[in-house]
1. For the chain, with a Gaussian network of springs between Cα atoms less than 10 Å apart, report the residue from Thr234, Thr284, Thr99 with the top mean-square fluctuation.
2. With a point put 7 Å past each Cα toward its Cβ, work out how far Lys5 is from Lys131 in nm, to one decimal.
3. Toward the positive end of the charge dipole of the chain, about the Cα centre and with charges on Cβ (Lys, Arg +1; Asp, Glu -1), which of Ala316, Ala58, Asn121 goes farthest?
4. Of Lys91/Lys183; Lys119/Lys217; Lys129/Lys183; Lys131/Lys166, which ones are farther than 22 Å apart at the Cα?
5. Please give me the summed charge of the neighbours of Leu282: other residues whose Cβ is under 12 Å from its Cβ, Lys and Arg +1, Asp and Glu -1.
6. Can you give me the long-range amide H partners of Thr252? Hydrogens built in the peptide plane at 1.01 Å from N, cutoff under 5 Å, separation of 5 or more residues or another chain.
7. Here is the link list: Lys199/Lys303; Lys5/Lys159; Lys159/Lys304; Lys107/Lys199. Which ones come out longer than 31 Å on Cα distance?
8. Rounded to a whole number of µm²/s, how large is the Stokes-Einstein D of the chain at 25 °C and 0.890 mPa s, given Rh as the Kirkwood radius over C-alpha pairs?
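The values are calculated or read from the model by the stated rules, or taken from the named source; none is laboratory data. Note that the structure is predicted; figures quoted are calculated from it, not measured. FYI the Cβ positions are ideal-geometry reconstructions off the backbone, even for glycines, and counts take in every protein chain you see. The area values use the complete protein model at the heavy-atom level, side chains included, leaving out ligands, DNA and RNA. Shrake-Rupley method; radii C 1.70, N 1.55, O 1.52, S 1.80 Å.
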Amino acid sequence: MIEEKNRIIDNFGRPHTYLRISLTDRCNLRCFYCMPEDGIELMEKSNIMTLEEIIALARTFRDLGVDTIRLTGGEPLVRKNFGYLVEELAKLGVTLKITTNGITLDKYLDLFKKIGLRKINISLDTLDKAKSVFITKRDYFDRIMKNIETALEMGMEVKLNIVLIKGVNDNEINDFIALTKYKNLTVKFIEFMPFKGNKWDWSKGVSEQEILDTVSKRFGKVEALKNPKHSTSTNFTVKGHIGNFAVVSTITNPFCADCNRIRVTADGKMMNCLFANSETDLLTPFRNGEQMDNIIINGIKTKKFSRDGMDVKMDADHYEKNRSMISIGG
Ligand code: SAM
Ligand code: SF4
(Lines give C-alpha, C1' and ligand atoms only; values in the text may rest on other atoms or scores of the structure.)
(Ligands and ions follow the chains in the order given, each with its own letter.)
Protein backbone atom coordinates (compact mmCIF):
# COMPACT_ATOMS: atom_id res chain seq x y z
CA MET A 1 0.00 0.00 0.00
CA ILE A 2 1.47 3.35 -1.05
CA GLU A 3 1.31 6.10 1.59
CA GLU A 4 -0.78 9.19 0.69
CA LYS A 5 2.29 11.41 0.76
CA ASN A 6 3.91 9.22 -1.89
CA ARG A 7 1.06 9.41 -4.34
CA ILE A 8 0.50 11.83 -7.21
CA ILE A 9 -2.39 13.89 -5.82
CA ASP A 10 -3.31 17.33 -7.12
CA ASN A 11 -4.64 20.27 -5.10
CA PHE A 12 -8.20 19.09 -5.73
CA GLY A 13 -7.52 15.76 -4.02
CA ARG A 14 -7.46 13.76 -7.28
CA PRO A 15 -5.03 10.81 -7.25
CA HIS A 16 -3.36 10.34 -10.64
CA THR A 17 -3.11 6.68 -11.53
CA TYR A 18 -3.24 6.73 -15.34
CA LEU A 19 -0.14 7.74 -17.30
CA ARG A 20 0.04 8.36 -21.04
CA ILE A 21 3.53 8.18 -22.46
CA SER A 22 4.27 9.58 -25.90
CA LEU A 23 7.07 7.54 -27.47
CA THR A 24 7.81 9.81 -30.41
CA ASP A 25 6.64 12.93 -32.23
CA ARG A 26 7.11 11.13 -35.56
CA CYS A 27 4.19 9.69 -37.49
CA ASN A 28 3.53 7.88 -40.75
CA LEU A 29 0.25 9.78 -41.26
CA ARG A 30 -0.53 13.50 -41.49
CA CYS A 31 -4.11 13.77 -40.14
CA PHE A 32 -5.05 17.39 -40.76
CA TYR A 33 -6.71 17.93 -37.36
CA CYS A 34 -3.55 16.73 -35.55
CA MET A 35 -0.49 17.60 -37.60
CA PRO A 36 -0.23 21.31 -38.58
CA GLU A 37 -0.19 21.89 -42.33
CA ASP A 38 3.39 23.22 -42.23
CA GLY A 39 4.56 20.28 -40.13
CA ILE A 40 6.21 20.65 -36.75
CA GLU A 41 9.74 21.20 -35.67
CA LEU A 42 10.75 17.66 -34.78
CA MET A 43 12.41 17.01 -31.44
CA GLU A 44 16.20 16.68 -31.40
CA LYS A 45 17.11 13.02 -31.01
CA SER A 46 19.24 13.77 -27.96
CA ASN A 47 16.21 15.34 -26.27
CA ILE A 48 14.04 12.27 -26.74
CA MET A 49 13.83 9.81 -23.86
CA THR A 50 15.77 6.63 -24.53
CA LEU A 51 13.97 3.33 -24.06
CA GLU A 52 15.80 2.78 -20.76
CA GLU A 53 14.76 6.24 -19.58
CA ILE A 54 11.14 5.55 -20.48
CA ILE A 55 11.22 2.27 -18.57
CA ALA A 56 12.86 3.84 -15.52
CA LEU A 57 10.44 6.78 -15.44
CA ALA A 58 7.48 4.44 -15.90
CA ARG A 59 8.74 2.42 -12.93
CA THR A 60 8.91 5.60 -10.83
CA PHE A 61 5.32 6.47 -11.75
CA ARG A 62 4.25 2.91 -10.97
CA ASP A 63 5.84 3.20 -7.53
CA LEU A 64 3.87 6.42 -7.02
CA GLY A 65 0.57 4.65 -7.64
CA VAL A 66 0.15 4.61 -11.43
CA ASP A 67 -1.61 1.39 -12.38
CA THR A 68 -2.35 2.03 -16.06
CA ILE A 69 -0.01 3.14 -18.83
CA ARG A 70 -1.15 4.02 -22.33
CA LEU A 71 1.48 4.27 -25.07
CA THR A 72 0.89 6.90 -27.69
CA GLY A 73 2.76 9.24 -30.05
CA GLY A 74 2.99 10.58 -32.77
CA GLU A 75 2.68 7.00 -33.87
CA PRO A 76 4.01 4.76 -31.07
CA LEU A 77 4.65 1.80 -33.37
CA VAL A 78 7.24 3.71 -35.42
CA ARG A 79 9.50 3.96 -32.38
CA LYS A 80 12.63 1.88 -32.95
CA ASN A 81 12.75 -1.26 -30.78
CA PHE A 82 9.14 -0.78 -29.76
CA GLY A 83 8.82 -4.54 -29.15
CA TYR A 84 11.58 -4.53 -26.56
CA LEU A 85 10.09 -1.50 -24.83
CA VAL A 86 6.61 -2.91 -24.52
CA GLU A 87 7.91 -6.23 -23.18
CA GLU A 88 9.89 -4.41 -20.51
CA LEU A 89 6.94 -2.19 -19.58
CA ALA A 90 4.74 -5.27 -19.24
CA LYS A 91 7.04 -6.48 -16.47
CA LEU A 92 6.01 -3.48 -14.33
CA GLY A 93 2.70 -5.14 -13.57
CA VAL A 94 0.52 -2.24 -14.75
CA THR A 95 -2.33 -2.42 -17.25
CA LEU A 96 -0.79 -1.54 -20.59
CA LYS A 97 -2.82 0.03 -23.40
CA ILE A 98 -1.98 1.58 -26.71
CA THR A 99 -3.38 4.18 -29.10
CA THR A 100 -2.18 3.66 -32.66
CA ASN A 101 -3.10 4.43 -36.23
CA GLY A 102 -2.92 0.69 -36.86
CA ILE A 103 -0.65 0.74 -39.92
CA THR A 104 1.94 -1.69 -38.55
CA LEU A 105 -0.18 -3.30 -35.86
CA ASP A 106 0.10 -6.76 -37.49
CA LYS A 107 3.79 -6.84 -36.56
CA TYR A 108 2.98 -6.65 -32.85
CA LEU A 109 -0.32 -8.46 -32.24
CA ASP A 110 1.31 -11.78 -31.27
CA LEU A 111 3.58 -9.97 -28.85
CA PHE A 112 0.67 -8.03 -27.39
CA LYS A 113 -1.19 -11.26 -26.83
CA LYS A 114 1.84 -12.81 -25.15
CA ILE A 115 2.36 -9.94 -22.72
CA GLY A 116 -1.33 -9.35 -22.02
CA LEU A 117 -1.79 -6.04 -23.82
CA ARG A 118 -5.38 -6.32 -25.01
CA LYS A 119 -6.76 -2.80 -25.07
CA ILE A 120 -6.04 -1.17 -28.40
CA ASN A 121 -7.44 2.13 -29.63
CA ILE A 122 -7.11 2.57 -33.37
CA SER A 123 -7.72 5.86 -35.16
CA LEU A 124 -10.09 5.39 -38.07
CA ASP A 125 -11.94 8.54 -39.04
CA THR A 126 -13.73 7.19 -42.07
CA LEU A 127 -14.88 3.95 -43.68
CA ASP A 128 -14.22 5.42 -47.11
CA LYS A 129 -10.79 4.86 -48.65
CA ALA A 130 -10.67 8.08 -50.70
CA LYS A 131 -11.69 10.12 -47.69
CA SER A 132 -9.05 8.40 -45.58
CA VAL A 133 -6.42 9.60 -48.06
CA PHE A 134 -7.84 13.12 -47.81
CA ILE A 135 -7.77 13.12 -43.99
CA THR A 136 -4.42 11.38 -43.43
CA LYS A 137 -2.64 12.52 -46.63
CA ARG A 138 -1.38 8.95 -46.99
CA ASP A 139 -2.82 5.75 -48.47
CA TYR A 140 -2.85 3.06 -45.79
CA PHE A 141 -6.59 2.49 -45.49
CA ASP A 142 -6.65 -1.16 -46.64
CA ARG A 143 -3.82 -2.11 -44.31
CA ILE A 144 -5.46 -0.45 -41.34
CA MET A 145 -8.80 -2.13 -42.04
CA LYS A 146 -7.11 -5.52 -42.34
CA ASN A 147 -5.25 -5.01 -39.08
CA ILE A 148 -8.45 -4.05 -37.28
CA GLU A 149 -10.03 -7.32 -38.45
CA THR A 150 -7.00 -9.32 -37.33
CA ALA A 151 -6.97 -7.64 -33.92
CA LEU A 152 -10.63 -8.51 -33.44
CA GLU A 153 -10.08 -12.11 -34.56
CA MET A 154 -7.34 -12.37 -31.96
CA GLY A 155 -9.73 -11.27 -29.22
CA MET A 156 -8.30 -7.79 -28.65
CA GLU A 157 -10.50 -5.11 -27.06
CA VAL A 158 -10.66 -2.68 -29.94
CA LYS A 159 -11.89 0.89 -29.84
CA LEU A 160 -12.00 2.95 -33.01
CA ASN A 161 -11.19 6.63 -32.42
CA ILE A 162 -13.09 8.94 -34.75
CA VAL A 163 -12.57 12.70 -34.68
CA LEU A 164 -15.75 14.10 -36.19
CA ILE A 165 -15.46 17.12 -38.46
CA LYS A 166 -18.50 18.71 -40.12
CA GLY A 167 -18.61 18.25 -43.86
CA VAL A 168 -15.85 15.64 -43.72
CA ASN A 169 -17.04 12.56 -41.83
CA ASP A 170 -20.15 13.60 -39.87
CA ASN A 171 -22.27 11.84 -42.50
CA GLU A 172 -20.67 8.53 -41.43
CA ILE A 173 -21.80 8.49 -37.78
CA ASN A 174 -24.46 5.87 -38.44
CA ASP A 175 -22.19 3.79 -40.68
CA PHE A 176 -19.87 3.45 -37.72
CA ILE A 177 -22.78 2.58 -35.44
CA ALA A 178 -23.87 -0.06 -37.97
CA LEU A 179 -20.46 -1.70 -37.55
CA THR A 180 -21.25 -2.35 -33.90
CA LYS A 181 -24.21 -4.54 -34.83
CA TYR A 182 -22.03 -7.54 -35.62
CA LYS A 183 -18.57 -6.50 -34.46
CA ASN A 184 -17.58 -6.62 -30.84
CA LEU A 185 -15.86 -3.26 -30.74
CA THR A 186 -16.47 0.25 -29.48
CA VAL A 187 -16.66 3.20 -31.83
CA LYS A 188 -15.54 6.29 -29.98
CA PHE A 189 -16.53 9.65 -31.42
CA ILE A 190 -14.24 12.45 -30.31
CA GLU A 191 -15.22 16.12 -30.36
CA PHE A 192 -12.72 18.11 -32.44
CA MET A 193 -10.29 19.85 -30.06
CA PRO A 194 -8.01 22.87 -30.49
CA PHE A 195 -4.23 22.61 -30.49
CA LYS A 196 -1.48 24.78 -31.86
CA GLY A 197 -1.71 25.08 -35.62
CA ASN A 198 -4.75 22.87 -36.26
CA LYS A 199 -7.06 25.69 -37.41
CA TRP A 200 -9.68 24.77 -34.87
CA ASP A 201 -13.07 26.35 -35.10
CA TRP A 202 -15.96 24.83 -33.20
CA SER A 203 -18.29 25.46 -36.14
CA LYS A 204 -16.44 22.48 -37.71
CA GLY A 205 -17.03 20.32 -34.62
CA VAL A 206 -19.85 17.88 -33.93
CA SER A 207 -21.25 17.90 -30.40
CA GLU A 208 -22.19 14.96 -28.22
CA GLN A 209 -25.85 16.00 -28.47
CA GLU A 210 -25.72 16.11 -32.27
CA ILE A 211 -24.17 12.64 -32.31
CA LEU A 212 -26.83 11.21 -30.02
CA ASP A 213 -29.61 12.84 -32.05
CA THR A 214 -28.20 11.42 -35.29
CA VAL A 215 -27.93 7.92 -33.86
CA SER A 216 -31.37 7.85 -32.29
CA LYS A 217 -33.00 9.20 -35.45
CA ARG A 218 -31.78 6.13 -37.31
CA PHE A 219 -31.58 3.42 -34.63
CA GLY A 220 -34.19 4.52 -32.08
CA LYS A 221 -33.49 4.93 -28.40
CA VAL A 222 -29.87 4.50 -27.37
CA GLU A 223 -29.05 2.87 -24.05
CA ALA A 224 -26.64 4.64 -21.72
CA LEU A 225 -24.07 2.25 -20.26
CA LYS A 226 -22.47 2.56 -16.86
CA ASN A 227 -19.32 4.66 -17.25
CA PRO A 228 -16.26 3.21 -15.54
CA LYS A 229 -14.71 5.39 -12.84
CA HIS A 230 -12.49 8.14 -14.33
CA SER A 231 -13.92 7.48 -17.78
CA THR A 232 -13.18 10.23 -20.29
CA SER A 233 -16.06 9.16 -22.49
CA THR A 234 -19.78 8.64 -22.11
CA ASN A 235 -20.71 5.14 -23.16
CA PHE A 236 -23.77 3.87 -25.01
CA THR A 237 -25.12 0.98 -27.01
CA VAL A 238 -27.86 0.46 -29.52
CA LYS A 239 -30.31 -2.30 -28.62
CA GLY A 240 -29.42 -5.55 -30.37
CA HIS A 241 -25.86 -4.50 -31.25
CA ILE A 242 -23.00 -6.51 -29.81
CA GLY A 243 -20.60 -3.57 -29.82
CA ASN A 244 -20.87 -0.19 -28.12
CA PHE A 245 -20.29 3.43 -28.91
CA ALA A 246 -18.83 6.25 -26.88
CA VAL A 247 -18.47 10.02 -27.03
CA VAL A 248 -15.55 12.10 -25.82
CA SER A 249 -17.23 15.44 -25.18
CA THR A 250 -14.23 17.54 -24.18
CA ILE A 251 -15.71 20.68 -25.72
CA THR A 252 -19.41 20.57 -24.88
CA ASN A 253 -19.44 18.51 -21.71
CA PRO A 254 -15.97 18.19 -20.15
CA PHE A 255 -15.38 15.31 -17.75
CA CYS A 256 -12.51 16.89 -15.82
CA ALA A 257 -13.91 16.63 -12.28
CA ASP A 258 -12.75 13.06 -11.86
CA CYS A 259 -9.54 13.33 -13.91
CA ASN A 260 -6.77 10.84 -13.04
CA ARG A 261 -4.60 11.36 -16.16
CA ILE A 262 -1.08 12.56 -16.40
CA ARG A 263 1.08 12.73 -19.52
CA VAL A 264 4.75 12.47 -20.35
CA THR A 265 5.87 13.69 -23.77
CA ALA A 266 8.58 11.98 -25.84
CA ASP A 267 11.06 14.63 -24.68
CA GLY A 268 10.31 13.85 -21.07
CA LYS A 269 8.04 16.72 -20.05
CA MET A 270 5.21 16.00 -17.66
CA MET A 271 1.91 17.58 -18.72
CA ASN A 272 -0.87 17.78 -16.17
CA CYS A 273 -3.55 18.27 -18.79
CA LEU A 274 -4.05 17.80 -22.52
CA PHE A 275 -4.38 21.59 -22.76
CA ALA A 276 -1.54 22.46 -20.40
CA ASN A 277 0.83 25.14 -21.58
CA SER A 278 3.17 24.72 -18.68
CA GLU A 279 5.16 21.54 -18.20
CA THR A 280 7.43 19.92 -15.64
CA ASP A 281 10.76 18.83 -17.08
CA LEU A 282 11.46 15.28 -15.92
CA LEU A 283 14.22 14.31 -18.32
CA THR A 284 16.84 16.88 -17.28
CA PRO A 285 16.69 16.10 -13.57
CA PHE A 286 16.50 12.38 -14.35
CA ARG A 287 19.69 12.62 -16.43
CA ASN A 288 21.29 14.57 -13.59
CA GLY A 289 20.56 11.68 -11.26
CA GLU A 290 18.08 13.62 -9.15
CA GLN A 291 15.45 11.96 -7.03
CA MET A 292 12.29 12.05 -9.18
CA ASP A 293 9.48 11.34 -6.69
CA ASN A 294 9.16 14.85 -5.32
CA ILE A 295 9.54 16.47 -8.73
CA ILE A 296 6.53 14.49 -9.93
CA ILE A 297 4.52 14.90 -6.73
CA ASN A 298 5.12 18.68 -6.70
CA GLY A 299 4.58 18.95 -10.47
CA ILE A 300 0.97 17.78 -10.19
CA LYS A 301 0.19 20.57 -7.71
CA THR A 302 -0.02 23.11 -10.54
CA LYS A 303 -2.83 21.18 -12.22
CA LYS A 304 -5.94 23.30 -12.80
CA PHE A 305 -9.38 21.89 -12.17
CA SER A 306 -10.53 21.78 -15.77
CA ARG A 307 -8.97 22.13 -19.28
CA ASP A 308 -5.96 23.94 -17.86
CA GLY A 309 -8.14 26.82 -16.76
CA MET A 310 -10.26 27.11 -19.93
CA ASP A 311 -13.26 26.23 -17.79
CA VAL A 312 -15.86 28.16 -19.72
CA LYS A 313 -14.57 28.31 -23.27
CA MET A 314 -11.61 27.30 -25.39
CA ASP A 315 -9.39 30.36 -25.62
CA ALA A 316 -7.11 30.79 -28.65
CA ASP A 317 -4.63 32.87 -26.63
CA HIS A 318 -4.24 29.80 -24.45
CA TYR A 319 -4.33 26.83 -26.81
CA GLU A 320 -2.21 28.41 -29.56
CA LYS A 321 0.60 28.45 -26.97
CA ASN A 322 0.22 24.71 -26.44
CA ARG A 323 1.96 21.94 -28.25
CA SER A 324 0.47 20.50 -31.39
CA MET A 325 -1.48 17.33 -30.72
CA ILE A 326 1.06 15.23 -32.58
CA SER A 327 3.68 16.01 -29.94
CA ILE A 328 1.33 15.39 -27.00
CA GLY A 329 -0.34 12.15 -28.00
CA GLY A 330 -3.97 12.62 -27.00
N1 SAM B 1 -0.95 8.05 -33.87
C2 SAM B 1 -1.81 7.47 -32.91
C3 SAM B 1 -3.24 7.53 -33.35
O4 SAM B 1 -3.54 8.26 -34.28
O5 SAM B 1 -4.06 6.83 -32.76
C6 SAM B 1 -1.66 8.04 -31.52
C7 SAM B 1 -1.49 9.52 -31.37
S8 SAM B 1 -2.92 10.50 -31.79
C9 SAM B 1 -2.35 12.13 -31.45
C10 SAM B 1 -4.01 10.12 -30.42
C11 SAM B 1 -5.45 10.46 -30.65
O12 SAM B 1 -5.62 11.86 -30.69
C13 SAM B 1 -6.03 9.91 -31.93
O14 SAM B 1 -7.14 9.11 -31.66
C15 SAM B 1 -6.45 11.14 -32.68
O16 SAM B 1 -7.60 10.92 -33.44
C17 SAM B 1 -6.68 12.14 -31.57
N18 SAM B 1 -6.62 13.51 -32.01
C19 SAM B 1 -5.63 14.11 -32.71
N20 SAM B 1 -5.92 15.41 -32.94
C21 SAM B 1 -7.12 15.65 -32.36
C22 SAM B 1 -7.96 16.79 -32.27
N23 SAM B 1 -7.63 17.96 -32.81
N24 SAM B 1 -9.12 16.69 -31.60
C25 SAM B 1 -9.47 15.51 -31.04
N26 SAM B 1 -8.73 14.39 -31.09
C27 SAM B 1 -7.57 14.45 -31.76
FE1 SF4 C 1 -0.37 10.61 -36.69
FE2 SF4 C 1 -2.18 9.85 -34.90
FE3 SF4 C 1 -1.78 12.44 -35.40
FE4 SF4 C 1 -2.91 10.96 -37.25
S5 SF4 C 1 -3.76 11.39 -35.22
S6 SF4 C 1 -1.23 12.44 -37.58
S7 SF4 C 1 -1.94 9.04 -36.95
S8 SF4 C 1 -0.36 11.06 -34.48
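1. Thr284
2. Inter-label distance under the simple model: 5.6 nm.
3. The listed residue farthest towards the positive side: Asn121.
4. Values: Lys91/Lys183 31 Å; Lys119/Lys217 31 Å; Lys129/Lys183 20 Å; Lys131/Lys166 13 Å.
The answer is Lys91/Lys183; Lys119/Lys217.
5. Numbers: positive: Arg263, Lys269, Arg287; negative: Glu53, Asp267, Glu279, Asp281, Glu290, Asp293.
With Lys, Arg at +1 and Asp, Glu at -1, the net is -3.
6. Glu208
7. Values: Lys199/Lys303 26 Å; Lys5/Lys159 35 Å; Lys159/Lys304 29 Å; Lys107/Lys199 34 Å.
Checking Cα-Cα distances, Lys5/Lys159; Lys107/Lys199 exceed 31 Å.
8. Numbers: Rh = 20.3 Å.
After rounding, the answer is 121 µm²/s.
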